[in-house]
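The values are calculated or read from the model by the stated rules, or taken from the named source; none is laboratory data. A quick note: this is a predicted structure, and the numbers were derived from the prediction, not measured. For neighbour counting, all protein chains shown are included, and Cβ atoms are generated from backbone atoms with ideal geometry for every residue, glycine included.
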Amino acid sequence: MLRLLAIAFCVLALPALAEPSVLTIAQDRYEAGRALRFAEPDVADLFMAGNRVVVAAPVGGTAHLTGRRVTVEAAVSGDLFAAGYAVATREAVAGNATVLGYEVTLGPVAGNLRAAGAEIAVGPVGGYALIAGGEVTLQGAIAGDVVVLSDRITFAPDASVGGALTIYAADPAGVVVPEAVAPAARVRIEHRRDFSAGRWDEQMPVRVPVWGVVGGFLSGVLISGLMAALVIAVAPRAVESWRQLAVAHPGRAIWSGFLVTSALAGSGFVLMLTIIGVLLLPVMLMITVVAIFAGYALGAYVLGVGLWLAAGRGMPDGIAGKFGLACLGALLAGLAWLIPVAGWFFVLGLTLLGIGTLAAFVLPRGMLLRREPQAF
């Protein structure tokens, strides 16, 4: 659902375009405009945003669609993510479908279905279906479990549910499920107020995989250490200069990191205002993400080395020792996350410290942090 909301936000930020903008990268296609009609074969993933969006040719991968009216007239080989006032599919979706709209009319879906809207009509579904709407009509066979949150449910003659059918309605007594749809043993009708976190916690208790969490945490520590070790192996003198600058001016480095991060993040909104710059928005987001990861890795390395030297230890010469110090800093930074509020600000400051230090060596000298010329 977050994916759909992100796509919808981009569309609302776009002015109505007279001419469509098209970008093709490898076999992926991006289109934005007022009236769009996709009719070209041999496309993997498809991204379309506009007022009226029509997919008239098969999509080889995943389709990401948003607009006022979205119509899918051809088959989708992957998953479908669609949002709009009116969303309709007429051919099969081979993967899962996640759809948000006011009027939603869906054809066959081979995978799982997640749909939300005011008026929803659902065809055959090969997996499970999770549906929330004002008026819901089941028109085909659904192979898996079905959960419906609606006050008005209609079952077409061909409707059937292969798994358990759970319905949440304001008036449970007014909901009648024909035997041909699902036998009474597999039907459960609840009051809509029971669709709450408390009831779902009882029905589906959350089991936290402790070792999975620990393993993921340690993997993140190792990845951060490996990032630092790889850069040290390629440019050891540059990394040492970065560390010395960060230690010499930590406050200014954090402030510089804040300015650089704000500029990168804010550039996305400015690009959307230029219309054509929307196509560059993914690039700026990628640069921002890379800068955050690089800043965190450098900040963790500076932290690990600083604590090591503060303990009266000498700076190791080999890559292995410096890799260990980078892992030490990443471990401590990760543990800092466990501290409410203060831990977040500590890690944020550490990341901004790294970003600001790196920016001093990327931007012209003296623009942010002052640095001495280095010969590498």
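Within region 28-55, work out how many residues are polar (S, T, N, Q) and modelled with pLDDT under 85.
Counting residues in region 28-55 that are polar (S, T, N, Q) and modelled with pLDDT under 85 gives 0.
Do any helices (runs of 4 or more DSSP H) lying entirely in region 232-349 carry at least 3 residues that are under 29 Å from Val214 (Cβ atoms) and among the aliphatic types (A, V, I, L, M), and which ones are they? Don't jump to the end; show me each part of the working.
On the way: elements: 236-248, 250-273, 281-310, 319-336.
By residue number, 281-310, 319-336.
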